[in-house]
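What follows is a single structure, written as structure tokens, with notes after it.
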Amino acid sequence: MKKLVLLGGGHAHVHVLKSLTLLAPQPFDEVEVTLISPYARQVYSGMLPGWVAGHYTIEECVIPLPPLAALAGVRFHQTAASSIDFSRSIIHCDDGQEIPFDLLSIDTGPVANLSMVPGLAEHAIPIRPIEAFIESYARLAGDIEERHARGERTRVAFVGAGAGGVELALAMQQRFRNHNLGVTLISAANTLPGSVGPRLARIMRERGIAVLSGQAASRVMPTGVQLVSGAVVDADAVIAATGASAATWPRESGLITDQDGFILVNECLQSVSHANVFAAGDCATMEQHPRPRSGVYAVKAGSPLNENLRRALRGESPQRYVPQKRSLYLISAGDKYAIGSWGNLAWEGGWVWRWKDIIDRGFIGKYAFNDSSKKQ
């Protein structure tokens, strides 16, 4: 009995699980499939700002993993990996168990980059892992409500001005627009992301969000953020939106990684150092075709990853996959308004948000399987 382990419940792996539902209860002849994930659900990152803004319930933004795994005939093990022993083909898990594998697929996502600014790890709320952010944000929302009831102002500072930080800042401003909330976005760079930057800058000005461009944070304190200029931004809460970092265990386990620690894979999404290991999503870098770390590319990798896992189990050569060079980006602007971009083109409006809402709900809906829909 061959053992296939899906490590992580990311965007690419939910596609693999969906494809296996058509072959359940036994996905492959003589193959046992196990899904390992520290969480019992996947939170779709594209809808997280909508939840923060109050447009969605959290249940509308998640894919429950145990039911999907059960429909696929896959064993679900809720824990995280701490290391991999390739000499024994064993995954060491945080709960003390050892999970053997013949073929391993990794889609665990990145971790928060908290080392770039002193005090960030101790005093800020990181946006990764998303599950931890959801808990922290719920507490922060409660604090904002209590301050508002007492007639007090709440000041929130974001460290980082990537698309994720901008979306969350606009979402918070929308959710608490009547709560005397002050939002400041601190950016080491002088511009906001890509072709949508000028549009986002205008919208944030209109919404009363302060953007400190080209003023990097030098230290995060319990009471705010100190800038490299020496100025201090007072804040009751600081949110770390500083981008993605790689987990340390892949490199420590012996997988070849890029210079930043992300698993290095070839054009078949196959590890360049271990032929029985595949990786996709934000935890991996394609050696020949590096792309931005984005959920868009992670979703697109699901189909070729699924095909190559099947080929590997059959003893066949994997297929080459070249990801698209550019992708459609839809960035929500707090209220039911969004900005879209394709390369250097950009557009905005309420219709863009409705378009994004249809796409996002459609993605979640693809995995809302039940027993009657399994064979459809």
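Taken together, the values in this text are just the output of simple stated rules run on the coordinates, not laboratory data. Computed from a predicted structure; not experimentally measured. All Cβ positions, even for glycine, are placed from backbone atoms using ideal geometry, and neighbour counts span all protein chains on display.
Each of GLN319 and ASN344 was given a label point 7 Å from its Cα along the Cα-to-Cβ line. The distance between the two points is 3.4 nm. Residues of segment 326-346 with an amide N closer than 16 Å to a point placed 7 Å from the Cα of SER195 along the Cα-to-Cβ direction: 326-331, 339-346. Taking 0.36 nm per residue of separation and subtracting the Cα-Cα distance, full extension of the segment from VAL232 to ASP102 would add 41.4 nm. What's the FRET efficiency of ALA132 with GLU60 using the Cβ-Cβ distance as r and R₀ = 25 Å, to the nearest 0.05? Calculated transfer efficiency: 0.80. Residues MET286, MET1 in ascending order of nearby Cβ atoms (within 10 Å, fewest first): MET1, MET286. When Rg and Dmax are taken over the Cα atoms of segment 120-240, they come to 13.7, 41 Å. Taking other C-beta atoms within 10 angstrom as a stand-in for reagent exposure, HIS289, HIS11 fall in the order HIS289, HIS11, fewest first. Each stretch of four or more DSSP H residues adds -39500 (n - 2.57); spread over every residue of the chain, this sum gives -8500 deg cm²/dmol at 222 nm.
Sequence-ordered 3J(HN,Hα) estimates for segment 199-208 from the Karplus curve with 6.51, -1.76 and 1.60 and θ = phi - 60° stand at 5, 5, 4, 5, 5, 5, 4, 5, 8, x Hz, glycine and proline given as x. Note on GLU287 and GLU206: the extension gain reaches 25.0 nm, defined as 0.36 nm multiplied by sequence separation minus the Cα-Cα distance.
Cut-off is 10 Å between beta-carbons; in what order do LYS356, LYS336, LYS366 appear when sorted fewest neighbours first?
Ascending Cβ contact count within 10 Å gives the list LYS366, LYS336, LYS356.
Normalising the Debye intensity of the chain to I(0), with uniform scatterers on Cα atoms only, and taking log10 at q = 0.07 Å⁻¹ returns -0.33.
On the beta carbon distance between TRP249 and ARG177, with R0 = 51 Å, the FRET formula returns roughly 0.75.
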